[in-house]
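**Student:** Handing you a structure now.
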Amino acid sequence: MNIFDIYLDKILILIKKLSNEGTLVLPENLNGINVDIPPSNFDCDISTNVAMVLSKINKKAPIDIAKTLVDLIKSADDEIETISVVKPGFINIKFKSVYWNNFIKSINQNHIDFGVNTKEKKRKYLVEFVSANPTGPLHVGHCRGAILGDVISNLLIFNKHDVSKEYYVNDYGNQIINFTKSVYYRAREIVYNEKFPIENSELYPGDYLIEIAKNIIATNKKLKFDKFEDISKKLTLLSVAESLKLIKSNLSNLGITHDKFTSETEIIFNKEVEKVIEKLKEKNLVYQGKIKAPKSENDENWIEREQLLFKATDFGDDKDRALQKSDKSWTYFASDVAYHNNKLNRGHDVLINILGADHAGYIKRITSVVEALSGDKNKLICKVSQLVKLIKEGKPFKMSKRKGDYITVEDLISEVGKDATRFIMLNRSSDVELDFDFAKVKEKSKDNPLYYVQYCFARISSVYRHVGLDINKDLDITKFDFKYSIDEIKILKKVAEWPKCIEAASLRLEPHRIPVYLYELSSEFHSYWNMGKDDSNKRFINDKKIISNDKLVFLKIISNVIRAGMNIVGVATPEKM
RNA sequence: GCGCUCUUAGCUCAGCUGGAUAGAGCAUCGGUUUUCUAAACCGAGGGUCGGUGGUUCGAGUCCACCAGAGCGCACCA
């Protein structure tokens, strides 16, 4: 629990007591009451709106309610230095330094769990992310969602939940056939010296297919590249496997590993689609019918056909969705329904899907189907990551798959590095388009927030190194002096916000709050560090090369929060820079 | 035409599920190194939170409408 919640509980107990005594009327819902961080221009530590929330139902001015509460709060708590009522009716509290001393003591004792959200009960999560078609290496477009999914998983794991990270392999359908054909023609190019039919727009032109073909030829000496139909099955397996090898290596370069790869082909082969459709039929959610043309669409182009449909409109979707194509084969949607049923059968409490912006239109139908199968509206949460606008040499860089003119994850990592990529991609809300400027990401200055935060950790490490200690080892200190200055307490107040940051980030699955917080904390620290230039009392190591226990603990606490945050983000905390 | 996401300082963006005088960075201008890492710090200027209404003690935040940007809208995956 964080210090704000602890105080909120105190206030709730107080007003409930007053309500029982009949001196205060409480609304049914107390959720509007909160304890928060006051704006920086007020000289206080926490602030509550309780009087304003209670004002209406008690038919009293907020200020008057606040005044009566203030006396009661003050008399019940001897750690309060000042408590005041401010304009609209806020109650502001400033603690004595002993309060912060106790705070430090408590996090120094259980530093490993500091920040972990203990309010939520432990649950089983399944996070599906990336799930890019296995037709080649990952490119920059996949990157943001990949990192988002990975960090959401880290965040849930940090909060002690059970998490399975999964990749759905779309190794079935026309795109895979075209991909396999492309490998086939590349192989013929090598074996028979036959020109690759580049004019065929269905085929994949990328050079990486040559590598894939070479690898397959080298490891399958007996394979003859004569008639495509004769080897298509075998070649598909081999090509997809090669592709996945590339993708896994890309992911590993980004610092990402999945726990499970589920194959679409396998889902279809195991008749899971039939089974789930049977299940939906029992619920009367599947029927043979026609989809109506959208109003604006040209009627001439619209082909109406009767096919097997899922009643997505029962769940708020704009149209019912096709499960079967006219040749009776399953649509992508049908196998995805089966895959989600498969996920549900494995007993997860919550499913999370990370999707790219171009798949946002798909959310309604898949959440509908999960609701239909599980009876739970909130079983599946879809998180969309918006596009990344690449900027190179000051200009937007457009990728074109046809020209083979796109930036792969490999290019990206070798140019700007894993950590900078992860930190920058996460530093913004996933709801917003992101500018990714190669020049800026590579810059080693405070323009680059990654280095700014890492530098903070490195400075702390440096102090420890100077007094012969290792920042990565536990501190064995039992004796404290507990004399912290106003400037140090200011940083400790920021540290106290860490659990709140984690809570907000995990509640809304918004990991960008973590880099934003780490930047703010680092900023406070750098600021303090520079005070040491004018005031030697603020230097960590004194003239006699001695550091106080207070300062050692102070640094330790800050470094632990930074390390924990950077671990969630998935980037390093170097001791020297 | 419909759906989803977005619109906050010159630029890039935060804003903790409705709170107080809306915050950072970049850019601009001016300062800070015999001392723990200057990849740092301090100061200055810069705003009709896209627009109009509404909800209430209180709106950048919620609702409606409008404008603009991006993404999507059949058996592709």
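**Student:** Suppose we filter region A:419-462 for residues that are part of a helix (DSSP H, G or I), of a type in the set (D, E, K, R) and near RNA strand B (Cβ under 9 Å from one of its atoms); how many remain?
**Tutor:** 2
**Student:** Could I ask something else about it? Filter region A:506-526 down to the residues that are near RNA strand B (Cβ under 9 Å from one of its atoms) and not in a loop (DSSP other than H, G, I, E, B) and list them by number.
**Tutor:** A:Leu507, A:Arg513, A:Val516, A:Tyr517, A:Tyr519, A:Glu520, A:Ser522, A:Ser523, A:Glu524, A:Phe525, A:His526 - these are the residues of region A:506-526 that are near RNA strand B (Cβ under 9 Å from one of its atoms) and not in a loop (DSSP other than H, G, I, E, B).
**Student:** Quickly run through region A:481-507 and pick out the residues that are touching a residue at least 24 places away in the same chain (Cβ under 8 Å) and closer than 18 Å to A:Arg539 by Cα.
**Tutor:** Selection gives A:Asp481, A:Phe482, A:Lys483, A:Tyr484, A:Ser485, A:Asp487, A:Glu488, A:Ile489, A:Lys490, A:Ile491, A:Leu492.
**Student:** From the list A:Ile303, A:Ile256, pick out the single residue that is hydrophobic (A, V, I, L, M, F, W, C), exposed (fewer than 11 other Cβ atoms within 10 Å of the Cβ) and out of contact with any Phe, Trp or Tyr (no Cβ under 6 Å at 6 or more places or on another chain).
**Tutor:** A:Ile303
**Student:** Do any residues in region A:121-148 that are of a type in the set (Val, Ile, Thr) have Cβ atoms under 6 Å from those of residues that are not in a helix (DSSP H, G or I), where the two are at least six apart or on different chains, and which pairs are they?
**Tutor:** A:Val127/A:Lys165; A:Val127/A:Ile352; A:Val130/A:Tyr167; A:Val140/A:Ile407
**Student:** Got at least one residue in region A:79-89 being in a strand (DSSP E or B) and away from RNA strand B (no atom under 14 Å from the Cβ)?
**Tutor:** yes
**Student:** Has region A:266-275 got at least one residue that is within 13 Å of RNA strand B (Cβ to nearest atom), more than 30 Å from A:Leu148 (Cα to Cα) and of a type in the set (A, V, I, L, M)?
**Tutor:** no
**Student:** Of the numbered conditions (1) in contact with a helix residue (DSSP H, G or I) (Cβ under 6 Å, 6 or more places away or on another chain); (2) farther than 17 Å from A:Gly136 by Cβ; (3) within 16 Å of RNA strand B (Cβ to nearest atom), A:Ser263 fails exactly one; give the number of that condition.
**Tutor:** Status for A:Ser263: all satisfied but (1).
A quick yes/no check of all residues on (1) under 30 Å from the mean Cα position of the chain (by Cα); (2) outside the structural domain of A:Phe261 (by TED's automatic domain parsing); (3) assigned to a helix (DSSP H, G or I); (4) surrounded by fewer than 21 Cβ atoms within 10 Å (Cβ to Cβ):
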residue	(1), (2), (3), (4)
A:Asp318	yes, no, no, yes
A:Ser326	no, no, no, yes
A:Phe333	yes, no, yes, yes
A:Val337	yes, no, yes, no
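**Student:** Hey, another quick one. Among the residues of region A:145-203, which ones are within 13 Å of RNA strand B (Cβ to nearest atom), under 16 Å from A:Leu235 (Cβ atoms) and assigned to a helix (DSSP H, G or I)?
**Tutor:** A:Asn174, A:Gln175, A:Ile176, A:Ile177, A:Asn178, A:Phe179, A:Thr180
**Student:** Filter region A:48-78 down to the residues that are outside any helix (DSSP H, G or I) and more than 40 Å from the chain's Cα centre (by Cα), then identify the one that is surrounded by the most Cβ atoms within 10 Å (Cβ to Cβ).
**Tutor:** The extreme case among them is A:Lys60.
**Student:** Taking the stated definitions as given, is A:Leu380 out of contact with any Pro (no Cβ under 8 Å at 6 or more places or on another chain), of a type in the set (A, V, I, L, M, F, W, C) and more than 16 Å from RNA strand B (Cβ to nearest atom)?
**Tutor:** Judged against the criteria, A:Leu380 is not a match.
**Student:** Does region A:511-523 contain at least one residue that is buried (at least 18 other Cβ atoms within 10 Å of the Cβ), over 20 Å from A:Cys456 (Cα atoms) and in contact (Cβ under 8 Å) with a residue 40 or more places away in the chain?
**Tutor:** So far as region A:511-523 goes, yes, one or more of its residues are buried (at least 18 other Cβ atoms within 10 Å of the Cβ), over 20 Å from A:Cys456 (Cα atoms) and in contact (Cβ under 8 Å) with a residue 40 or more places away in the chain.
**Student:** Another one. So, in region A:240-253, exactly how many residues are farther than 19 Å from A:Asn353 by Cβ and either more than 15 Å from RNA strand B (Cβ to nearest atom) or without any contact (Cβ under 8 Å) to a residue 12 or more places away in the chain (or both)?
**Tutor:** The number of residues fulfilling the criteria is 9.
The values are calculated or read from the model by the stated rules, or taken from the named source; none is laboratory data. Since this is a predicted model, take the numbers as computed values, not measurements. All Cβ positions, glycine included, derive from the backbone under ideal geometry; neighbour counts span all protein chains shown.
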